[in-house]
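Data first, discussion second: the structure below is written as structure tokens.
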Amino acid sequence: MSATNTGGAAGGETPTTRTVVIGVGHRDRADDGIGPAVVDALGHRTDAVTTLVREGDLAVLPLCWSSDDDVVIVDALAGCGSVGDLVSLDPADLGSSVGLSTHGMNVADAIELARRLDCMPRRLRVFGITGRDFGYGPMSRSLHRAVEPLVDALMAALGCVPEEVSEDER
């Protein structure tokens, strides 16, 4: 798991809400790597959010946030729309798909685990990105080309303003 911008309250300060964007998926499972790819790119474009990437079992997802956080999970989605579509999903509507995920525990089950452990974040949003190929290998060219437009769409959904990049930083 990798992370950037891990802010938080210190000492007796009142906790502030931070936005934690978590990309889940396997980079070596073709289009399943779109969640990590988009969240990595997002982390390079803004410091307004904390970004994390989680590959593998998602049972640890509830440990990635606190109760004051605004959490956004970005994952690949199969069979829903055109390749590269960004779909906002209601976490309450996600059903368990035991055996249908490339993760040991899927996003829906990780959210249910957080509910049972009473460690839900203040706000939870899930975005799916439609993929087609979930076998072993590189991400499809169509999804690879869609990473930057998907970051733009995600930033808009999060209300993030793109940060100015100087010529020296390019």
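Every number here is computed from the coordinates shown, using simple stated rules; none is lab data. Keep in mind that this is a model prediction, so the values were computed, not measured. Positions of Cβ are generated from backbone atoms using ideal geometry, with glycine treated the same way; all protein chains shown enter the neighbour counts.
Taking all Cα pairs closer than 8 Å and separated by 6 or more residues, the relative contact order of segment 24-137 comes to 40 percent. Each distinct pair of alpha carbons in segment 31-155 adds a 1/r term; the inverse of their mean, the Kirkwood radius, is 14.9 Å.
Computed from the Cβ-Cβ distance with R0 of 22 Å, the FRET efficiency linking residue 123 to residue 85 stands at 0.45.
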